[in-house]
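J.: After the structure tokens below, expect a handful of questions from me.
The values are calculated or read from the model by the stated rules, or taken from the named source; none is laboratory data. Keep in mind that what you see is a predicted model, and the values were worked out from it rather than measured. Glycine also receives a Cβ, built like all others from the backbone with ideal geometry; neighbour counts cover every protein chain displayed. For the accessible areas, the whole protein counts, side chains as well, though only heavy atoms, and no ligand, DNA or RNA atoms are used. Shrake-Rupley method; radii C 1.70, N 1.55, O 1.52, S 1.80 Å.
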Amino acid sequence: MSLDKATVRKISELARIEVPESDLEPLAQELSAIIGWIEQLAEVDTDNVAPMRSVMPITHAWRADAVTDGGMQEAITRNAPSAHDGYFVVPKVVE
Amino acid sequence: MSSSVNLGLAEARRRLAARELSARELTLAHVEAMAEARQLNAFITETPELALEAATASDARLAKGEGGLLEGLPIAIKDLFCTRGVATTAGSHILDGFVPPYESTVTAKLWAAGAVPLGKTNLDEFAMGSSNMTSYHGPVRSPWTKASDNADLVPGGSSGGSAAAVAARIALAATGTDTGGSIRQPAAFCGITGIKPTYGRCSRFGVVAFASSLDQPGAFGRSVEDSALLLQAMAGYDPNDSTSADLAVPDWTASLKGKVKGLRIGVPKEYRVDAMPEEIEKLWQEGADWLRAEGAEIVEIALPHTKYALPTYYIIAPAEASSNLARYDGMRYGLRVEGETLADMYKKTRAAGFGAEVRRRVMIGTYVLSAGYYDAYYLKAQKVRRRIVEDFEQAFEKVDAILTPTAPSAAFRAGEKLDDPVAMYLNDVFTVPSSLAGLPAISVPAGLSAEGLPLGLQVIGKAWDEQTVLDVGLAIERAAGFEVMPYGLASG
């Protein structure tokens, strides 16, 4: 399947990456080439094959429902581009 | 350059224990080598002060006859492992200024074992690449050049800085991570050894995530023994990683004998890909002959879904990456680019923060997971992945290990293949299938190309059977007798 500019624009919205208008066409061609190449998977018979989500059989472990870590507000907000009083500062989202 | 940088990890360990060499002398020699080799751009962050401080502490412990498995041994860490108080970039602009408040489990184990931290090595951005050309911090130059000219070559990727540092005698050994070949391919290109253990053997806690069902930490060394020694200190169960295996770590180095007598070694006919250089086909044959001469039986096997491994990988890995990289939004750490609204800020931050290859993969991943395409691409790829795993399961009913080339070519020039993503992806044609199956695999330097560049052979083993992988690797190492130094070391 070949991706057009409108599809690439929609993907960039979903991925929350701003793509300049001038990049849309070249990106459409690049992504179409990759998608075209991966479409050869259609040849493989996968009827009655269960999808593989975890390659090693993992038995999930039980643990006590107890707090084992925390109380490090300062350490965590130290990396924030903008922080105030132990909170992350973000643009206003509710009018 | 001090000769102590030419010692292997295991040999340096013996000399430290015998007090023939101090950790401080050994570390100083490596710190000097690191400063002299800056033109390689192998490190993003150097930590010489931390290294010398750790070496002094190691000498005190060694003097009392104490010390861990890697006491006083200077190593390098791929800059994908979070290190407390030391910048961690993942090779990306979007993590600008990020200093982790915590330590990855693997590096915590290494420091507990006494290892000395030289610094954080360069890599492809978020480990996405096979050349180290996609790093925001600039490409790594391989210490190797062709015999005929001095043009820069790539060290491979994504763990290119770690591989270059070990090959150039800057570090005794280094950590890497492997998602589709990111340890084995750079090891082959740089003429060193690199092992990716079974998925779940090393904790992923504190390793910047790329594709969580595939990512696995592993080790680089200049010999099979050195790689085994480093891996031994890295491996083990971690309750902080739900996919970490609760299994004891065997003493691989103690059991390492290189005996292959009676082993059945599979050679998959599907790995004879079109356009593979004759010298690689020849080296592969030679590798099989070496193992046969040591008493192994060479068996032709079939892995019929091999050709579908790369396209499967290029659905699964970008899909997982698009989800994992959603966290980089300019709010809690790293780069922030101001915007009118919250959504605008996200989009501008991510546009400025991600390079071209990361943007490409996040967009592919977003597309294959989007409504209407999920079943056709992502679910289909997960089903084909099972087919690939079943191929290996059937093969391992007949054989103990599998022998293949590591990569379809020797190192290429910096800048080559950048305009054709699919051509770049083909570098990983021999390493991706075992990544999809979660199997342990090693690359061992086995010979030189006609142009004088290292070529590697890969040994793939059964799940949790790193021992056989290491033993077959050691048999190849002994037979190959690969002792060529990178020419770049002599010429500077």
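J.: Among the residues of segment B:300-309, what is the count of those that are open to solvent by 10 Å² or more (accessible area, probe 1.4 Å) and either part of a helix (DSSP H, G or I) or at the interface with another protein chain (Cβ under 8 Å from one of its Cβ atoms) (or both)?
T.: Total meeting the criteria: 4.
J.: Confirm whether B:Pro186 is more than 14 Å from chain A (Cβ to nearest Cβ), surrounded by 24 or more Cβ atoms within 10 Å (Cβ to Cβ) and either on the phi < 0 side of the Ramachandran plot or assigned to a helix (DSSP H, G or I) (or both). Steps first, please.
T.: On the way: more than 14 Å from chain A (Cβ to nearest Cβ): yes; surrounded by 24 or more Cβ atoms within 10 Å (Cβ to Cβ): yes; either on the phi < 0 side of the Ramachandran plot or assigned to a helix (DSSP H, G or I) (or both): yes.
Spelling it out, B:Pro186 is indeed more than 14 Å from chain A (Cβ to nearest Cβ), surrounded by 24 or more Cβ atoms within 10 Å (Cβ to Cβ) and either on the phi < 0 side of the Ramachandran plot or assigned to a helix (DSSP H, G or I) (or both).
J.: Which one of B:Ala55, B:Ala108, B:Ala10, B:Ala33 is open to solvent by less than 10 Å² (accessible area, probe 1.4 Å) and under 20 Å from the mean Cα position of the chain (by Cα)?
T.: After ruling out the rest, the residue left standing is B:Ala10.
J.: Sticking with this one: Within 14 Å of chain A (Cβ to nearest Cβ), surrounded by fewer than 21 Cβ atoms within 10 Å (Cβ to Cβ) and over 20 Å from the mean Cα position of the chain (by Cα) - does that describe any residue in segment B:422-441?
T.: yes
J.: Which numbered condition in (1) in a helix (DSSP H, G or I); (2) farther than 19 Å from B:Val368 by Cβ; (3) at the interface with another protein chain (Cβ under 7 Å from one of its Cβ atoms) is the only one that B:Thr312 fails?
T.: Only one criterion is unmet by B:Thr312, namely (2).
J.: Turning to a different aspect of this structure: Please determine, by comparing only the residues of segment B:442-453 that are touching a residue at least 60 places away in the same chain (Cβ under 8 Å) and farther than 25 Å from B:Gln216 by Cβ, which one is farthest from the other protein chains (Cβ to nearest Cβ).
T.: That would be B:Gly452.
J.: Does B:Pro139 qualify as being touching a residue at least 60 places away in the same chain (Cβ under 8 Å) and open to solvent by 10 Å² or more (accessible area, probe 1.4 Å)?
T.: It is true that B:Pro139 is touching a residue at least 60 places away in the same chain (Cβ under 8 Å) and open to solvent by 10 Å² or more (accessible area, probe 1.4 Å).
J.: Hey, another quick one. Quick check on segment A:79-94: of everything there that is within 7 Å of chain B (Cβ to nearest Cβ) and open to solvent by 50 Å² or more (accessible area, probe 1.4 Å), which residue is farthest from B:Arg327 (Cα to Cα)?
T.: A:Val93
J.: Residue under question is B:Thr45, and the condition is that it be modelled with pLDDT of 95 or more, surrounded by fewer than 22 Cβ atoms within 10 Å (Cβ to Cβ) and either within 26 Å of the chain's Cα centre (by Cα) or hydroxyl-bearing (Ser, Thr, Tyr) (or both); does it hold? Full working, then the answer.
T.: Numbers: modelled with pLDDT of 95 or more: yes; surrounded by fewer than 22 Cβ atoms within 10 Å (Cβ to Cβ): yes; either within 26 Å of the chain's Cα centre (by Cα) or hydroxyl-bearing (Ser, Thr, Tyr) (or both): yes.
Yes: the conditions hold for B:Thr45.
Residue-by-condition table, conditions (1) within 30 Å of B:Met331 (Cβ to Cβ); (2) in a loop (DSSP other than H, G, I, E, B):
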| residue | (1), (2) |
| --- | --- |
| A:Ala33 | no, no |
| A:Thr46 | no, yes |
| A:Val49 | no, yes |
| A:Arg53 | yes, yes |
| A:Pro57 | no, yes |
| A:Ala64 | no, yes |
| A:Asp69 | yes, yes |
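J.: Report yes if B:Gly330 is in contact with a helix residue (DSSP H, G or I) (Cβ under 8 Å, 6 or more places away or on another chain), more than 7 Å from chain A (Cβ to nearest Cβ), open to solvent by less than 10 Å² (accessible area, probe 1.4 Å) and not hydrophobic (A, V, I, L, M, F, W, C), otherwise no.
T.: For B:Gly330, the condition - in contact with a helix residue (DSSP H, G or I) (Cβ under 8 Å, 6 or more places away or on another chain), more than 7 Å from chain A (Cβ to nearest Cβ), open to solvent by less than 10 Å² (accessible area, probe 1.4 Å) and not hydrophobic (A, V, I, L, M, F, W, C) - is not met.
J.: Also, I was wondering about something else. For B:Pro408, which of the numbered conditions (1) open to solvent by 10 Å² or more (accessible area, probe 1.4 Å); (2) within 14 Å of another protein chain (Cβ to nearest Cβ); (3) of a type outside the set (Val, Ile, Thr) fails to hold?
T.: Status for B:Pro408: all satisfied but (2).
J.: Going by the structure shown, is B:Gly339 of a type outside the set (Phe, Trp, Tyr), part of a loop (DSSP other than H, G, I, E, B), within 8 Å of chain A (Cβ to nearest Cβ) and in contact (Cβ under 8 Å) with a residue 24 or more places away in the chain?
T.: The answer is no for B:Gly339.
J.: Pick from segment A:46-58 the residues that are on the phi < 0 side of the Ramachandran plot and more than 7 Å from every other protein chain (Cβ to nearest Cβ): which of them is modelled with the highest pLDDT?
T.: A:Asp47
J.: Regarding segment A:59-74, can at least one residue be identified that is at the interface with chain B (Cβ under 9 Å from one of its Cβ atoms), among the hydroxyl-bearing types (Ser, Thr, Tyr), open to solvent by less than 80 Å² (accessible area, probe 1.4 Å) and free of Cβ contacts under 8 Å to residues at least 40 places away in the same chain?
T.: Looking for residues that are at the interface with chain B (Cβ under 9 Å from one of its Cβ atoms), among the hydroxyl-bearing types (Ser, Thr, Tyr), open to solvent by less than 80 Å² (accessible area, probe 1.4 Å) and free of Cβ contacts under 8 Å to residues at least 40 places away in the same chain, one finds none in segment A:59-74, hence no.
J.: Here is a further query. In the list B:Gly191, B:Gly157, which residue meets the criterion of being within 14 Å of the chain's Cα centre (by Cα) and without any contact (Cβ under 8 Å) to a residue 40 or more places away in the chain?
T.: Working: B:Gly191 fails: without any contact (Cβ under 8 Å) to a residue 40 or more places away in the chain.
Just a single option satisfies the conditions, and that option is B:Gly157.
J.: Another question about this same structure. Considering each of B:Asp251, B:Asp241 in turn, give the residue that is surrounded by fewer than 20 Cβ atoms within 10 Å (Cβ to Cβ), under 30 Å from A:Arg63 (Cβ atoms), of a type in the set (Asp, Glu) and within 14 Å of chain A (Cβ to nearest Cβ).
T.: B:Asp241
J.: Take the residues of segment B:350-368 that are crowded, with 23+ Cβ neighbours inside 10 Å and either small (Gly, Ala, Ser) or out of contact with any Pro (no Cβ under 9 Å at 6 or more places or on another chain) (or both): which is nearest to the other protein chains (Cβ to nearest Cβ)?
T.: Once the filter is applied, the top-ranked residue is B:Arg350.
J.: Condition (residue is in a helix (DSSP H, G or I), more than 14 Å from chain A (Cβ to nearest Cβ) and either touching a Leu at 6+ places or on another chain (Cβ under 9 Å) or under 29 Å from B:Ser322 (Cα atoms) (or both)) applied to segment B:205-224: is it met by at least one residue?
T.: Yes, some residue in segment B:205-224 is in a helix (DSSP H, G or I), more than 14 Å from chain A (Cβ to nearest Cβ) and either touching a Leu at 6+ places or on another chain (Cβ under 9 Å) or under 29 Å from B:Ser322 (Cα atoms) (or both).
J.: A:Val55 passes all but one of (1) open to solvent by 70 Å² or more (accessible area, probe 1.4 Å); (2) within 30 Å of B:Ala437 (Cβ to Cβ); (3) touching a Leu at 6+ places or on another chain (Cβ under 8 Å); which number fails?
T.: Of (1) open to solvent by 70 Å² or more (accessible area, probe 1.4 Å); (2) within 30 Å of B:Ala437 (Cβ to Cβ); (3) touching a Leu at 6+ places or on another chain (Cβ under 8 Å), only one is false for A:Val55: (1).
J.: If only one of B:Ala414, B:Ala371, B:Ala395 is within 12 Å of chain A (Cβ to nearest Cβ) and either of a type outside the set (Val, Ile, Thr) or touching a helix residue (DSSP H, G or I) at 6+ places or on another chain (Cβ under 8 Å) (or both), which one is it?
T.: Of the residues listed, the single one that is within 12 Å of chain A (Cβ to nearest Cβ) and either of a type outside the set (Val, Ile, Thr) or touching a helix residue (DSSP H, G or I) at 6+ places or on another chain (Cβ under 8 Å) (or both) is B:Ala371.
J.: Would you confirm whether or not segment B:77-87 contains a residue that is touching a Gly at 6+ places or on another chain (Cβ under 8 Å) and open to solvent by 30 Å² or more (accessible area, probe 1.4 Å)?
T.: yes
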